[in-house]
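The block underneath contains the structure these notes are about, expressed in structure tokens.
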Amino acid sequence: MDYKFSNDVSEDTVNEKVEKRVQKVYDQKPTPAFISASWTALFIGMVSYCIGLWNAYMELNEKGYYFTILLFGLFSAVSVQKSVRDRLEGIPVTDIYYGISWFTTIISILLLVIGLWNADLELSEKGFYGMAFTLSLFAAIAVQKNTRDKKFIEKSED
């Protein structure tokens, strides 16, 4: 007589678990509302940040510093999202690129914090720049994710 206990695992069960782990299905197309909200947030964050810089009473080189940090942060955040998603989909991403993406994202945030910490600005202005920057980074990640999800689903439907 062959008794099966609850902690026994058959080969079929193991194979099913492995298949479930391997098969990542991205079949949820982002809704038009979420896509619109993401693009709107990106636009509002970037435009607000830039309008704040335009109207700020600071030297042109200081405005350039903050503008460059915005661009650097946006590119870095999109790069992190792309490399994370590539890895999830089994697309090879080198460890060095993955690490550099994270490093540059963290550095862009750190550069903004250091710049604002040392800036001769009102606390409310510093908070404004910090929030507009954060909104822009988050929205850039959401836009990249939506774009990637749409392309992935359109490609799988073909």
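Evaluate segment 118-131: report whether one residue or more is hydroxyl-bearing (S, T, Y) and either over 30 Å from T31 (Cα atoms) or under 13 Å from the mean Cα position of the chain (by Cα) (or both).
The answer is yes, given that some residue of segment 118-131 is hydroxyl-bearing (S, T, Y) and either over 30 Å from T31 (Cα atoms) or under 13 Å from the mean Cα position of the chain (by Cα) (or both).
Which residue is farthest from K63 (Cα to Cα), if the candidates are limited to segment 112-153 and must be among the acidic types (D, E) and surrounded by 14 or more Cβ atoms within 10 Å (Cβ to Cβ)?
Only one residue tops the list, namely D149.
Would you point out the residue of segment 35-89, among those that are of a type in the set (D, E) and not in a helix (DSSP H, G or I), that is surrounded by the fewest Cβ atoms within 10 Å (Cβ to Cβ)?
Ranking the candidates gives E59 first.
Please identify the pairs in which a residue from segment 77-103 that is of a type in the set (A, V, I, L, M) has its Cβ atom under 7 Å from the Cβ atom of a residue that is outside any helix (DSSP H, G or I), counting only partners at least 6 apart or on another chain.
Every condition considered, the pairs that remain are L88/K24.
Before we move on, is L116 touching a residue at least 40 places away in the same chain (Cβ under 8 Å) and in a helix (DSSP H, G or I)?
Considered against the rule, which asks whether it is touching a residue at least 40 places away in the same chain (Cβ under 8 Å) and in a helix (DSSP H, G or I), L116 comes out as no.
We did not get these values from a lab; they are worked out from the coordinates using the rules stated. For clarity, every value in this text was computed on a predicted model and none was experimentally measured. In this analysis, Cβ positions are derived from the backbone assuming ideal geometry, glycine residues included, and neighbour counts consider all displayed protein chains.
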